[in-house]
Amino acid sequence: MATSAVTHYFRSSIGRKQLVAITGLALCGFLVGHLTGNLLLLVSSDAFNIYAHKLISLGALLYVIEAGLAAVFLVHLGLAMKLNMENMQSKGKYQQKTKTGRGTTFASQTMPYTGVMLLVFLILHLISLKFGTHYETTVDGVVMRDLYRTTIEYFRSPIATAWYVIAMAAAALHTSHGFASAFQTMGWNHGKYFKNVKRLGLIYAIVVGAGFAGISIWCHLKGV
Amino acid sequence: MSSDNTFSLNLKIWRQKGANAEGKLVDYHVDHVSPDMSFLEMIDVLNEQLVRKGEDPIAFDHDCREGICGMCSMMIDGKAHGGYKNTTTCQVHMRLYKNGDTIVVEPFRASAFPIVKDLAVDRSAIDKVMIKGGYISANTGNAQDGNSILIPKPIADEAMDAAACIGCGACVASCPNGSGMLFMGAKISQLALLPQGQPEAPQRALNMVHEHDTLGFGNCTNHAECEATCPKGISIEHIARMNREYIKAAFTYHEKTRSE
């Protein structure tokens, strides 16, 4: 082989899929952290603001973490798009006239669409909250950003809330296939435990999707 | 022999004169279909009718007609081999259909399987992948005592399940991405499970996957449509084993040259 095995890996279908899988699982991990943080909204405005302030106070380290997260996201998105574009070429000139899916599910077929929805969501999410209106508050004598107020004000809009619920339904759908699929791609499929991986994927999708959507609705009800 | 129980069918069959010709579904009506006929025999009957009328018979692949050669590639009502559990097209019997049914018959659709004519496709891409390592080339000498290489029964069974692949290409045709991972995974997995296959396992994984990717097969996205379709009931666990074999080979295997 002219190219080395490792170079070959990063060009091959399996190698690129495994990168999509591992970055996908990393993003799943991130969502758990994010959701846990969001739960502080339910505790009190101070609890949430202190948490946000601690993250902001990380300074340069936060930028490094954010850059890492952005890199993981871009690898996931870029490779998945490339693989999907290749797949669009691989069924030949004619589309099959009749189709009866037996292994495919609604979630597995809509992965590229739910993925793009999440990309649009992510951009709007960053604009409206992270880079949203900047308020200040004082907790225990420390001046900090009042991200709680930004959040509650944002979710006053029923349209914004509805969009979040829809986007989180897409996230649930995306991860309901993606979670177990990543395990299969990494080769972690064995008759002994794979059924439980699939179950865990479904539980993950429901908990994360319903968790984020539920908090958006809670914020909406709190704000109006 | 009474032919009282014969019936009639309406068929929509893909007709395409050659690889680059335009194709379309053409309506046919076939009488005297016996419930004891196989699907292929039913097409034989139709072809006889067409020949008698001076028309071009429908080209389709077939060989053993007993479910082991994997030649009878066609999509019946959108499902490879008709979609009956563990069944190839030649083993689909007309008793599964009733008088007046309309059946849509199309060729396997995949870029890696260009259409030759009508329902016949060129599945040589499967052989090309196989040539890159779907075998053992180690010189084994004379036949050894059967018990000199011990293989646990569960491992032997699992290797046998993978070895059941007949290379029919139904996995590729049913895959929404036209990927050949189930067929390739079955072979890589089968040989990786057995001591005789292990010495060449890394080269095999690297070379076969590389060939697969260059032949126009798509990328697997774990729909598992292949597993549901496979006439030999091969599990996607073999794809997972191939994925493990492949990543292991990519990061640990390197060919040492003696030129240094």
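The values are calculated or read from the model by the stated rules, or taken from the named source; none is laboratory data. As the structure is a prediction and not an experimental result, all values here were calculated from the model. All Cβ positions, glycine included, derive from the backbone under ideal geometry; neighbour counts span all protein chains shown. Side chains included, ligands, DNA and RNA excluded: accessible areas come from the protein's heavy atoms. Shrake-Rupley method; radii C 1.70, N 1.55, O 1.52, S 1.80 Å.
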Requested in this report: Residue by residue through the stretch B:51-72, note down the ones that are crowded, with 16+ Cβ neighbours inside 10 Å and not β-branched (Val, Ile, Thr).
Outcome: B:Ala59, B:Phe60, B:Asp61, B:His62, B:Arg65, B:Gly67, B:Cys69, B:Gly70, B:Met71, B:Cys72
Query raised in the report: Which one of these is over 16 Å from the mean Cα position of the chain (by Cα) and free of Cβ contacts under 8 Å to residues at least 12 places away in the same chain: B:Thr214, B:Thr252?
Result: B:Thr214
Query raised in the report: Residue check: is B:Gly185 out of contact with any strand residue (DSSP E or B) (no Cβ under 9 Å at 6 or more places or on another chain) and either in the same structural domain as B:Val92 (by TED's automatic domain parsing) or in a loop (DSSP other than H, G, I, E, B) (or both)?
Result: no
Report task. Would you be able to tell me the number of residues in the stretch A:1-51 that are of a type in the set (D, E, K, R), open to solvent by 30 Å² or more (accessible area, probe 1.4 Å) and in contact (Cβ under 8 Å) with a residue 60 or more places away in the chain? Result -> 1
Report summary line: Across (1) in a helix (DSSP H, G or I); (2) facing chain B (nearest Cβ under 9 Å), A:Ala52 clears everything bar (2)
**Report entry** Residue count for the stretch A:186-207, restricted to those that are assigned to a helix (DSSP H, G or I) and open to solvent by less than 10 Å² (accessible area, probe 1.4 Å)
**Finding:** 2
Requested in this report: Only one of these is without any contact (Cβ under 8 Å) to a residue 40 or more places away in the chain and either of a type in the set (A, V, I, L, M, F, W, C) or under 13 Å from B:Ile103 (Cβ atoms) (or both): B:Leu11, B:Leu46, B:Leu25, B:Leu40. Name it.
Outcome: B:Leu46
Query raised in the report: Of everything in the stretch B:212-254 that's of a type in the set (Lys, Arg) and at the interface with another protein chain (Cβ under 8 Å from one of its Cβ atoms), which residue is nearest to B:Ala164 (Cα to Cα)?
Result: B:Arg241
Query raised in the report: Do you know which residues across the stretch A:142-164 are open to solvent by 70 Å² or more (accessible area, probe 1.4 Å) and within 20 Å of A:Ile56 (Cα to Cα)?
Result: A:Val143, A:Arg149
